[in-house]
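Written below as structure tokens is the structure these notes are about.
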Amino acid sequence: MATINDTLHIERQAPAYRTFSLPYWNGTKEKKLLVQYDKQVGMYQWFPRATSRFTGRASHLEWREVKGEGEVYSFTIVRRARPPFQGHEPFFLAVVTLPEGVQIMGDTVGISLEEMKIGLKVKPYWHPLPDGFHMLMWQKA
């Protein structure tokens, strides 16, 4: 039976953020998941952008905290990776659908090969990074 690795022990650098994604990264310092919300159309968007993907305008965007609990929409087992992940395979990458309608991809923590499935309920796991930031990963809810 194959063992799935966590990627917790891999050294990561603090993010190279852009001005429009800084609120997201600042939220991770407090282990808060912030997602952009377009007030004009009443919809969330992920990944962070300078403008709304719905209207093309920045003026209607605001950041809202979401709980972050969702379910696995899709996943893959990474068997070949580039540095710094090379040599730490296999590990899961999962796409998680949140109730707000966005999908966020990330590594998983503590989910076995037998447990991983589409529809698995997950919640955020905040892995510490340099400078006080945290990387969003997923663990079983």
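All of the numbers you see were taken from the coordinates with simple rules; none came from a lab. This is a predicted model, so every value here is computed, not measured. Neighbour counts are summed over all protein chains in view; Cβ atoms, including those assigned to glycine, are modelled from backbone coordinates with ideal geometry.
Using θ = phi - 60° in the Karplus curve 6.51 cos²θ - 1.76 cosθ + 1.60, the 3J(HN,Hα) couplings for the stretch 61-78 round to 8, 9, 9, 10, 6, 10, 5, x, 7, x, 9, 5, 8, 7, 7, 9, 9, 7 Hz; x is entered for Gly and Pro.
Per-residue 3J(HN,Hα) values for the stretch 89-94, derived from phi via the Karplus relation 6.51 cos²θ - 1.76 cosθ + 1.60 with θ = phi - 60°, read 6, x, 8, 8, 10, 10 Hz in sequence order (x marks Gly and Pro).
With contacts defined as alpha carbon pairs under 8 Å and 6 or more residues apart, what's the relative contact order of the chain in percent? Normalised by residue count, the contact order of the chain is 27 percent. Pick out which of SER21, SER59, SER112 has the largest mean-square fluctuation in a Gaussian network model of the chain, springs linking Cα atoms closer than 10 Å. So, out of SER21, SER59, SER112, the one fluctuating most is SER59. Name the most mobile residue of LEU98, LEU33, LEU113, meaning the one with the largest mean-square fluctuation, in a Gaussian network model of the chain with Cα contacts below 10 Å. Its mean-square fluctuation being the largest, the pick is LEU113. Considering only the other residues whose Cβ falls under 15 Å of the Cβ of ALA58, what net charge follows from Lys and Arg at +1 and Asp and Glu at -1? Summing Lys/Arg as +1 and Asp/Glu as -1 gives +3.
About the Cα centre of the stretch 18-66, what is the dipole size in debye to 20, counting +1 per Lys and Arg Cβ and -1 per Asp and Glu Cβ, all else neutral? Don't jump to the answer; show the numbers that get you there.
On the way: 9 positive and 4 negative charges, 22 e Å.
Once rounded to the nearest 20, the dipole reads 100 debye.
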